[in-house]
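The values are calculated or read from the model by the stated rules, or taken from the named source; none is laboratory data. Note that the coordinates shown come from a computational prediction; the quantities given were computed from them, not determined experimentally. No Cβ is skipped: glycine too gets one built from the backbone with ideal geometry, and neighbour counts run over all protein chains shown.
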Amino acid sequence: MNTGSASLKDRIILVTGAASGIGAATALELHGRGAMPVLVDCDADGLRASAHAIGGDPLTVVADVTSLTQCEAAVAAALARHGRLDVVWANAGMASFGPLSHTDPAAWNHCIDVNVKGVFHTVRAALPAVLASRGYVLATASAASFAHPPLMSAYAASKAAVEAMCNAWRLELAAHGVQVGVIHASWVKTPMVDEGRLHPGFARLGRTMPAPMRAEMPVAEAARRIADGIEARASRIWLPGWLRMLHWLRALLHTPAAERQLRRAAPELEAMYLEGLAAEGALASSYGPRERERALARLRAAEPGGG
């Protein structure tokens, strides 16, 4: 761990999706380098666990990034505590799964709401403070921003949108002294990936890839690389580094030869989804366990008298 880095010491860094996964691990790494992370997530219990792991009294804010008002409130809380904001990292994200013909429309749309609108809301809310500090904007995309697997159209579309937004913002904000970065990650061992593996279709999708591309990066290593990227105010952070070459060759990923294995797998993937749909319903087929519970909570809240 690079402790006491001059460029991160006392930096105020707002992190969404900080209750688990790379958000929680990187917040811990950033704190170890002298930064002061502000932890934002819709999962109150997870936030408490992240704060406990960091120690001291890091600011935690329970907020849903699909709400611009809640993102603005999170930024206001950060400014009230710290007086400034040096970095905003729009990291909160989720995945949905399903073929076009049967995917749950609510799940598909919610993936877009969290992964695209959530990034916009987070960055837009933080932008005045980041402009004032001539700071850094970071958002989490994915290898799926340029490699688009079947049955994951919402996730692929959302991550492609994140990359596109960051590319545009990088040009817009350069004259203001604000730099913009985007994270392209393949497999990182996080709860989202662990839960995805429980779905037989997701597991089958993974087997279409060559063995080296199925390797999972430990979350602590991903956190170190992300912290290095924040320190360098990098325009791209690659997890792992070989994704840079794949990004350069992205047009070749969508040639008939490159798509052959995925085309062969697609009918089997659809059949697996339909089996799950018949056995467990749309929510179980479309979401991992955590997102399924959140979806059920949203449905309960929408019912008359549900609050």
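Taking Pro105, is it free of Cβ contacts under 8 Å to residues at least 24 places away in the same chain and either under 30 Å from Glu275 (Cα atoms) or touching a strand residue (DSSP E or B) at 6+ places or on another chain (Cβ under 8 Å) (or both)?
Yes: the conditions hold for Pro105.
Can you pull out every residue in the stretch 71-102 that is of a type in the set (Gly, Ala, Ser), more than 19 Å from Asp41 (Cβ to Cβ) and either without any contact (Cβ under 8 Å) to a residue 24 or more places away in the chain or surrounded by fewer than 24 Cβ atoms within 10 Å (Cβ to Cβ) (or both)?
Once the filter is applied, which keeps residues that are of a type in the set (Gly, Ala, Ser), more than 19 Å from Asp41 (Cβ to Cβ) and either without any contact (Cβ under 8 Å) to a residue 24 or more places away in the chain or surrounded by fewer than 24 Cβ atoms within 10 Å (Cβ to Cβ) (or both), the stretch 71-102 yields Gly83, Ser101.
So in the stretch 138-173, with the set limited to residues that are without any contact (Cβ under 8 Å) to a residue 40 or more places away in the chain and within 21 Å of Arg260 (Cα to Cα), which one is surrounded by the most Cβ atoms within 10 Å (Cβ to Cβ)?
Among those residues, the one meeting the criterion is Ser145.
Could you please find all residues in the stretch 238-282 being β-branched (Val, Ile, Thr) and in contact (Cβ under 8 Å) with a residue 60 or more places away in the chain?
none
Can you confirm whether Leu173 is over 25 Å from Ala25 (Cβ atoms) and touching a His at 6+ places or on another chain (Cβ under 6 Å)?
The answer is no for Leu173.
For the stretch 112-152: of the residues being in a helix (DSSP H, G or I) and modelled with pLDDT under 95, which is farthest from Arg233 (Cα to Cα)?
Only one residue tops the list, namely Ala144.
Only one of these is modelled with pLDDT of 95 or more, touching a helix residue (DSSP H, G or I) at 6+ places or on another chain (Cβ under 9 Å), within 12 Å of Trp89 (Cα to Cα) and β-branched (Val, Ile, Thr): Ile54, Ile13. Name it.
On inspection, the qualifying residue turns out to be Ile13.
Go over the candidates Leu283, Leu277, Leu243 one by one and state the one that is at pLDDT 80 or above and hydrophobic (A, V, I, L, M, F, W, C).
Leu243
Only one of Ile226, Ile237 is hydrophobic (A, V, I, L, M, F, W, C), in a helix (DSSP H, G or I), modelled with pLDDT of 70 or more and under 28 Å from Ala18 (Cβ atoms); which?
Ile226
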